[in-house]
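Engineer: Please find one structure pasted underneath; my questions will follow.
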Amino acid sequence: MNYQEEMKRLRDELNEHGYRYYVQDAPTISDFEYDRMLRRLEDLEREHPEEITPDSPTQRVGGPALSQFESVEHPVPLESLQDVFNADEVREFLDRLHDTLPHAEYSVEPKVDGLSVALEYRDGVFVRGATRGDGRVGEDVTENLRTVRSIPMALPEKLPRLIVRGEVYMSRKVFEEINAQREIEGKPLMANPRNAAAGSLRQLDPKIAAQRRLDIAVFNLQLAEGREFSSHTETIDYLASQNFKVIPHARLCTADDIQREIERLGDERMAFPYDIDGAVIKVNDLHERTVLGSTAKCPKWAIAYKYPPEKKPSLLKDIVVQVGRTGVLTPKAVLEPVRLAGTTVTYATLHNQDFITEKDIRIGDTVIVQKAGEIIPEIVEVVVDKRPDGTVPFRLPDRCPVCGAAVSRDPDGAAIRCTGAECPAQRLRNLTHFASRNAMDIDGLGPAVLNQLIECGLVKTAADLYTLQSQDIAQLDRMGEKSAQNVVAAIAASKENDLWRLINALGIRQVGDKAAKVLASHFGTFDALSEASVEELTAIDDVGPITADYIRRWMDDPQSRDLMERLRAVGVNMTCKEEVLDNRFAGMTFVLTGALERFTREEAGEMIEKRGGKSAGSVSKKTTYVVAGENAGSKLRKAQELGIPVLTEDEFLTMLQ
C-alpha cells in the first residue's frame, strides 16, 4: 500500500469512528487506538502536505484566528418561526390550515435552544458554514464549525450541492464542566448554555471554539441538488443516512395529537442532554408547504410553541451560605421539596445579599419558585400574606463560615468574599493560580494533579508544595516516577523566581502580573511591600486606592502572614532580581498586537519593561506606541483612529538597539 492509499484508508476509518463516537454514541475502538491512527495520519500529512484534504479529521482544529467574519448570503433563506404560547394559539394555527389541508400530518420536534446555522456541502465535502444572521445574510464561521465533532466533513453520497440547517448547542454537562474550570481560574461564569454556544461559535480564534466541545442537531434540508423528496420526515431519514446528527425525539402527529405531544416533550425536556425552549410544529408534506408559502417573516406551515417557566409555591426552610472557589459567599435557599420542570427541587439560588434584601426573603416564608432558563431554580417572589410572625431579615455573615476570616464586599459589585489566604474552600483555585504560567510557573502542576494532592491530604497551602517528595506525586493517577521527579524539580526551581512572580501568585485581588512587576520593582523586597501604607501604595503609578486597600488588607490578615512565613521557611525568594537595562522607555506605554516573528509578545513586553516602559493590553489615548505584527486586528484599527504611532517589528527592534 502506498502512502496515498494509506492516508485515504486512515481518513475514512477515522471519520467512520468519529461518527460512531460523536453521533451514534457507540464507539467500536478505544481512545488509545483512535489516537494512534490519528497520529499516524498526522505524520503522513507532515511528510506529504500536498495530500491534505478538507475532510481529514486532522483539520478539525480549525484554521488561523480571524480579524473578523465575512458575510454570507444564504441561497435559501433561514426563516424564523412565529411563536405561540398556549393551547388556544396552537388550535388557531391548526384551524387556519384546516380549510386548505384538512388531512395534514405534522412533525412535532423539540426546539433546541442554541444558535441556528447552515452547512453547505459540494460533491459531498463540507465547504462552508454560516450563522443565521437576519435569515438572508449571516456570518462565515466555517473554521469554528469544523471543530464541532458531530458535523461530518464528508458524506457518503456525493451530491453536487447540499445545504442543511441545524442548531449548534452546548450540552448541560459540558456547560457545567466549563463553568467549574472558569471558576477555578477566576474567570466570569457563562450565563447559560445557549449564550455559551453562541459566544463560542463566534470566537475569532477557532482553537477557542474547539475547547468548548459544541454539538449540533440538524433539523432541516434546505437544498439538495440531484435529489427529490416528498416529506420532511423523508429528508430527516436521508440526512441521518448521510451521518448527520439529526433532531431526536421528533414524532409524526395528526392535528388532534399535537397538544398531547407538546405536553409530553415538555414533561421530558429535563431528560434531554441539551436545553429546549419549546416545541416546533411543522407540516410534514413538502408540496403542502409550497402551497401554504410564507409571509414576509415566517413560513405559514410551521410555528414554535414556547414553554412558559413553571412556577410553584414552596416553604423556605433555611438559608445556607456556601463559599465558592473564588471566595464568594453565596446564599442558597433550602426548600420544602417541590416538583418543577420534571425534577424535584429542594434548593434555589439566592444570588447575593442585594437580591435577598430587595425581595425581603426570610427563613419561614412561602416563596414562588421557578427554573431560570430551565436549569437553575430561583425564587421570584415572596407570598407576604403567608409570612409567619417572628421572622427577621436575613444578613450574610461578616466572617467566612469555612475558615473564619473576615469578608469584604467588592467595591464594584454585589459579591461578598472571604479574604483568607488559606481558606479550604478556595484551596484548589488558589493553588492552581499559584502554580500557573504567569505566577510561579510550575510545569506539571495543573488542576487535576493539584486536586489529587488536596484529596490525599498532602497539600493544604502553597507552602506545602515545597515539602513534596517524588514518591508522593508518583502515587497519583497518570503520574509515573519520572513525571513525579520532573514536577518536584519544577517546584524546587520556582523558589528562585523573581519577586514579581510570587506577588502575582498570592492572588491578591486586582494584582495581576503587570501590577506585580511594578510593585516588585518599586519596593525591591516582599518585606518592604508588606509594610507599605495605603498612601505609599497609591503613590505608585497604576496602583489606585481600591487596589492599595486590597493589598493592605491581604498583608494584615493572619492567614496571609502565616503563609508568607512558611514560604520564607522553605526558601522561596522574596527579593526583586529583575534587571533594568536603562530607562529609555520611561513614561511610555506600548501595546503589542498581531504575530511577531522574532519573539513572542510576552518576550517583547519584558524587553519594554526592562527599559523602563510599560506593556499594556488595550489601546487608549495614553498609549505611546502600538507595535503591529502579522494579522493585527482591532487594536491596530483603534490606534489608527486615535492617531497613535504604529511601529513595525523592525522599527521596534531599532528602538531596542
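The values are calculated or read from the model by the stated rules, or taken from the named source; none is laboratory data. Since this is a predicted model, take the numbers as computed values, not measurements. Don't worry about glycine lacking a Cβ; one is built from the backbone with ideal geometry, like all the others, and counts go over all protein chains shown.
Engineer: When residues of the stretch 143-181 are filtered for being part of a helix (DSSP H, G or I), surrounded by 17 or more Cβ atoms within 10 Å (Cβ to Cβ) and touching a residue at least 24 places away in the same chain (Cβ under 8 Å), how many remain?
Structural biologist: Matching residues across the stretch 143-181 total 7.
Engineer: Just to verify a result, which residue in the stretch 557-594, among those that are of a type in the set (Asp, Glu) and closer than 18 Å to residue 516 by Cα, is nearest to the chain's Cα centre (by Cα)?
Structural biologist: Filtering the stretch 557-594 for residues of a type in the set (Asp, Glu) gives 557, 562, 565, 578-579, 582.
Remaining after also requiring closer than 18 Å to residue 516 by Cα: 578-579.
Working: 578: 35, 579: 38 Å.
Among those residues, the one meeting the criterion is 578.
Engineer: Just give me the residues in the stretch 1-41 being over 24 Å from residue 246 (Cβ atoms), at pLDDT 85 or above and assigned to a helix (DSSP H, G or I), in sequence order.
Structural biologist: Result: 4, 5, 6, 7, 8, 9, 10, 40, 41.
Engineer: How many residues does the stretch 82-103 hold that are surrounded by fewer than 18 Cβ atoms within 10 Å (Cβ to Cβ) and not in a helix (DSSP H, G or I)?
Structural biologist: Residues flagged as surrounded by fewer than 18 Cβ atoms within 10 Å (Cβ to Cβ) and not in a helix (DSSP H, G or I) within the stretch 82-103 amount to 8.
Engineer: Moving on. For the stretch 572-612, how many residues are at pLDDT below 85 and in contact with a Ser or Thr (Cβ under 7 Å, 6 or more places away or on another chain)?
Structural biologist: Matching residues across the stretch 572-612 total 2.
Engineer: On to the next question. For the stretch 472-530, which residues satisfy the criterion of being closer than 20 Å to residue 615 by Cβ and in contact with a His (Cβ under 9 Å, 6 or more places away or on another chain)?
Structural biologist: Matches in the stretch 472-530: 504, 505.
Engineer: Select from the stretch 346-369 the residues that are buried (at least 20 other Cβ atoms within 10 Å of the Cβ) and assigned to a strand (DSSP E or B) and write down the one among them that is nearest to the chain's Cα centre (by Cα).
Structural biologist: Result: 348.
Engineer: Evaluate the following for residue 616: is it at pLDDT below 85, farther than 30 Å from residue 462 by Cα and outside the structural domain of residue 492 (by TED's automatic domain parsing)?
Structural biologist: no
Engineer: Would you point out which residue out of 561, 553 is touching a residue at least 12 places away in the same chain (Cβ under 8 Å), surrounded by fewer than 20 Cβ atoms within 10 Å (Cβ to Cβ) and either in contact with a helix residue (DSSP H, G or I) (Cβ under 8 Å, 6 or more places away or on another chain) or assigned by TED's automatic domain parsing to the domain that holds residue 435 (or both)?
Structural biologist: On the way: 561 fails: touching a residue at least 12 places away in the same chain (Cβ under 8 Å).
Going through 561, 553 in turn, just one is touching a residue at least 12 places away in the same chain (Cβ under 8 Å), surrounded by fewer than 20 Cβ atoms within 10 Å (Cβ to Cβ) and either in contact with a helix residue (DSSP H, G or I) (Cβ under 8 Å, 6 or more places away or on another chain) or assigned by TED's automatic domain parsing to the domain that holds residue 435 (or both): 553.
Engineer: Check off (1) over 25 Å from the mean Cα position of the chain (by Cα); (2) assigned to a loop (DSSP other than H, G, I, E, B); (3) without any contact (Cβ under 8 Å) to a residue 40 or more places away in the chain for residue 536 and give me the number that stays unchecked.
Structural biologist: Of everything listed in (1) over 25 Å from the mean Cα position of the chain (by Cα); (2) assigned to a loop (DSSP other than H, G, I, E, B); (3) without any contact (Cβ under 8 Å) to a residue 40 or more places away in the chain, residue 536 misses just condition (2).
Engineer: Restricting to the stretch 603-648, count the residues that are surrounded by 13 or more Cβ atoms within 10 Å (Cβ to Cβ), within 33 Å of the chain's Cα centre (by Cα) and among the charged types (D, E, K, R).
Structural biologist: Count: 6.
Engineer: Hey, can you tell me all the residues within the stretch 82-114 that are of a type in the set (Gly, Ala, Ser) and at pLDDT 95 or above?
Structural biologist: The first filter runs over the stretch 82-114 and keeps only residues of a type in the set (Gly, Ala, Ser), leaving 87, 104, 107, 114.
Matches in the stretch 82-114: 107 only.
Engineer: Spot the failing condition for residue 397; the list is (1) closer than 30 Å to residue 424 by Cα; (2) of a type outside the set (Gly, Ala, Ser); (3) surrounded by 17 or more Cβ atoms within 10 Å (Cβ to Cβ), and only one is missed.
Structural biologist: (3)
Engineer: How many residues are within 20 Å of residue 599 (Cβ to Cβ) and part of a loop (DSSP other than H, G, I, E, B) when one looks only at the stretch 624-648?
Structural biologist: Selection size over the stretch 624-648: 6.
Engineer: Taking into account only those residues within the stretch 428-462 that are small (Gly, Ala, Ser) and surrounded by fewer than 23 Cβ atoms within 10 Å (Cβ to Cβ), which is nearest to residue 564 (Cα to Cα)? Give the derivation first.
Structural biologist: At the first step, the residues of the stretch 428-462 found to be small (Gly, Ala, Ser) are 435-436, 439, 444, 446, 448, 457, 462.
Then drop every residue that is not surrounded by fewer than 23 Cβ atoms within 10 Å (Cβ to Cβ), which leaves 436, 444, 446, 448, 457.
On the way: 436: 18, 444: 23, 446: 22, 448: 25, 457: 21 Å.
That would be 436.
Engineer: Limited to the stretch 199-213, what total is found for residues that are surrounded by fewer than 16 Cβ atoms within 10 Å (Cβ to Cβ) and either of a type in the set (Lys, Arg) or touching a residue at least 40 places away in the same chain (Cβ under 8 Å) (or both)?
Structural biologist: Narrowing the stretch 199-213 to residues surrounded by fewer than 16 Cβ atoms within 10 Å (Cβ to Cβ): 202, 205, 207-208, 211.
From what's left, either of a type in the set (Lys, Arg) or touching a residue at least 40 places away in the same chain (Cβ under 8 Å) (or both): 202, 205, 207.
Qualifying residue count, the stretch 199-213: 3.
Engineer: For residue 338, are the conditions met, namely being at pLDDT 95 or above, under 30 Å from residue 266 (Cα atoms) and not in a loop (DSSP other than H, G, I, E, B)?
Structural biologist: Values: at pLDDT 95 or above: no; under 30 Å from residue 266 (Cα atoms): yes; not in a loop (DSSP other than H, G, I, E, B): yes.
Answer is no for this residue.
Engineer: Considering 541, 549, which residue is charged (D, E, K, R), out of contact with any strand residue (DSSP E or B) (no Cβ under 6 Å at 6 or more places or on another chain) and not in a helix (DSSP H, G or I)? I'd like the intermediate steps shown before the answer.
Structural biologist: Details: 549 fails: not in a helix (DSSP H, G or I).
After ruling out the rest, the residue left standing is 541.
Engineer: Scan 520, 539 and give me the residue that is surrounded by fewer than 19 Cβ atoms within 10 Å (Cβ to Cβ), on the phi < 0 side of the Ramachandran plot and small (Gly, Ala, Ser). Let's see the steps before the verdict.
Structural biologist: On the way: 520 fails: surrounded by fewer than 19 Cβ atoms within 10 Å (Cβ to Cβ).
Among 520, 539, only 539 is surrounded by fewer than 19 Cβ atoms within 10 Å (Cβ to Cβ), on the phi < 0 side of the Ramachandran plot and small (Gly, Ala, Ser).
Engineer: Name every residue in the stretch 223-242 that is crowded, with 19+ Cβ neighbours inside 10 Å and farther than 14 Å from residue 163 by Cα, in order of residue number.
Structural biologist: Correct list: 232 only.
Engineer: Considering every residue within the stretch 463-485, establish whether at least one is of a type in the set (Ser, Thr, Tyr), surrounded by 15 or more Cβ atoms within 10 Å (Cβ to Cβ) and not in a helix (DSSP H, G or I). I'd like the intermediate steps shown before the answer.
Structural biologist: Filtering the stretch 463-485 for residues of a type in the set (Ser, Thr, Tyr) gives 466-467, 470, 483.
Of the ones still in play, those that are also surrounded by 15 or more Cβ atoms within 10 Å (Cβ to Cβ) are 466, 470, 483.
With the extra rule that they be not in a helix (DSSP H, G or I), the set shrinks to none.
No; the residues of the stretch 463-485 include none that is of a type in the set (Ser, Thr, Tyr), surrounded by 15 or more Cβ atoms within 10 Å (Cβ to Cβ) and not in a helix (DSSP H, G or I).
Engineer: Quick one: would you say residue 57 is out of contact with any Ser or Thr (no Cβ under 7 Å at 6 or more places or on another chain) and either over 22 Å from residue 283 (Cα atoms) or at pLDDT 95 or above (or both)? Spell out how you get there, then give the answer.
Structural biologist: Values: out of contact with any Ser or Thr (no Cβ under 7 Å at 6 or more places or on another chain): yes; either over 22 Å from residue 283 (Cα atoms) or at pLDDT 95 or above (or both): yes.
For residue 57, the condition - out of contact with any Ser or Thr (no Cβ under 7 Å at 6 or more places or on another chain) and either over 22 Å from residue 283 (Cα atoms) or at pLDDT 95 or above (or both) - is met.
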